[in-house]
Amino acid sequence: MSAVLRQAEPADPLARLGRLIAVASGKGGVGKSTVSANLAAILARRGLRVGLVDADLYGPSIPGMLGIAADTPPAMSPGGKVIPAEAHGVKVISMAMLTGDDRPAVLRGPMVTKYLRMFVTQVDWSTLDVLLLDLPPGTGDTQLTLAQSFPLAGAVVVSTPQDVSLKIARRGIRMMEQVSVPILGIVENMSGFTCPSCGGVTHIFHQGGGRSVAEGLGVPFLGAIPLDPAIVDGGDSGVPLVVDSPTSLAARAFEVVADALTGDLAPSGGLRMPFDWTLATGAGRPAPASHGPAGRPLALDYDATGLTIGWPDGSRHLDPRELRLACRCAACRDELTGKALLDPAKVPLDVVPVRIWSVGNYALGIAFSDGHDSGICTFEALRALEGSEAEDV
Ligand code: ADP
């Protein structure tokens, strides 16, 4: 009997919030909130029901960027939930709306998590197709707790092209992977300046770093947003660039990111993510993806004898228990030393995967019959598993 490989389903009761997508960055000032605000506005204009949580409690800038006055506290619904503000078709909640200004809140870590939980669960979002979470910058405890608190569909990582930013972005990506949050891709912001008079492009902060980091890590590159003074004006005036000048070069760059994130959009059908493979039972053929890392398999099939992976250079078969023992999640392997924490004697001989789903276009999530379901197995790791025990089929 073959298993059906499918996308993990969002856990109730958050299911009506659609896809929860975190927008993250290794450090502040790289344009994370700008990307969140412009993406939210584009998705709303495309007919999706969009919510945006300004999770950057220490420096809430989303209300200003979307032209939302923060001087009146939000109303409460009869059910006791906070009614979000709405601008440019996007529903928004922000700390600035609760404190009445955009001064950074002074909060300890546990309070941050408490507020963020409240922003997701105690706000009257009604039904959404997508809820964007503009995370605080950094790769610390708050981000980790957040990533573990909600069933995130994935994270978009924003970076500028400088090496130092990219290094921090890389760390952020690793952190997200450790907590099994799929990386939807990297956005390179402030990527070259287009001269308004001559049209020539100057790469002020280097060029192409985001794409090469994405390729190196095997995650999608979603696009590059140019440096454009109109983006600052849009942020200051409360009308995002994609609304104010939708045909500008930078607005079109945001559209490219939105396309890469959503694939073909069907408002009634909600948000379709790229590289979500839905494999027919027994057939094991992923829908062809237009792009992806070179090491992506061409076909996958699972039956009682294990997982068969069709690589461009031939098919290989992996034993179910071998797959279980190879799990590299934080519970099974020491993150720092790489030493195995999983005792093979405790893994039943007849362990089998009970559910397999696609994680972005670079990994599989696998839940096993011994109850273990927190690991993700990258295609790179699957490839590395094909040691002496692997047999050609
Ligand atoms: P973060 O959320 O990462 O701290 P912001 O989105 O607040 O960063 O952006 C920081 C500043 O940089 C803002 O003034 C914003 O208008 C500006 N900015 C962001 N992206 C661009 C860009 N592509 N071109 C020009 N200015 C930008």
_Can you compute 3J(HN,Hα) from phi for each residue in segment 55-69, using the Karplus curve 6.51 cos²θ - 1.76 cosθ + 1.60 with θ = phi - 60°, rounded to whole Hz and x for Gly and Pro?_
7, 7, 5, 7, x, x, 10, 4, x, x, 5, 9, x, 9, 5
*Interchain or long-range residues, amide H under 5 Å from G67's placed H*: G238
_Taking the alpha-carbon distance from K91 and a cut-off under 17 Å, which lysines remain once sequence neighbours fewer than 8 residues away in the same chain are dropped?_
K81
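Place the peptides 82-89, 114-121, 216-223, 156-163 in order of packing, highest mean first, counting for every residue the other Cβ atoms within 10 Å and averaging per peptide. Can you show the working numbers first?
Working: 82-89: 19.4, 114-121: 17.4, 216-223: 21.4, 156-163: 24.1.
Final packing ranking: 156-163, 216-223, 82-89, 114-121.
Could you grab the relative contact order for segment 2-262? Cα pairs under 8 Å, six or more apart, rounded to a whole percent.
Values: 541 pairs, mean separation 63.8, N = 261.
Relative contact order for segment 2-262 comes out at 24 percent.
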_Output wanted: per-residue J couplings in Hz (rounded whole) for segment 210-223, from phi through Karplus 6.51 cos²θ - 1.76 cosθ + 1.60, θ = phi - 60°, x for Gly and Pro._
x, 5, 6, 5, 4, 5, x, 8, x, 10, x, 9, 8, x
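I need the per residue convex hull volume for segment 2-262, using only the alpha carbons, in cubic angstrom as a whole number.
Dividing the Cα hull volume of segment 2-262 by its residue count gives 133 Å³.
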*Amide H to amide H under 5 Å from I225: which residues, 5+ apart in sequence or cross-chain, H placed 1.01 Å off N in plane?*
E188, N189, M190, S191
*Karplus-derived 3J(HN,Hα), 6.51/-1.76/1.60, for each residue of segment 114-130, Hz, glycine and proline x*: 5, 4, 5, 4, 4, 4, 8, 9, 10, 10, 7, 6, 6, 10, 10, 8, 8
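Values quoted throughout were computed directly from the atomic coordinates according to the rules given, and no laboratory measurement underlies them. No experiment lies behind these values; they were computed from the predicted model shown. When we count neighbours, we look across all protein chains shown, and the Cβ atoms used for this are built from the backbone with ideal geometry, even at glycine.
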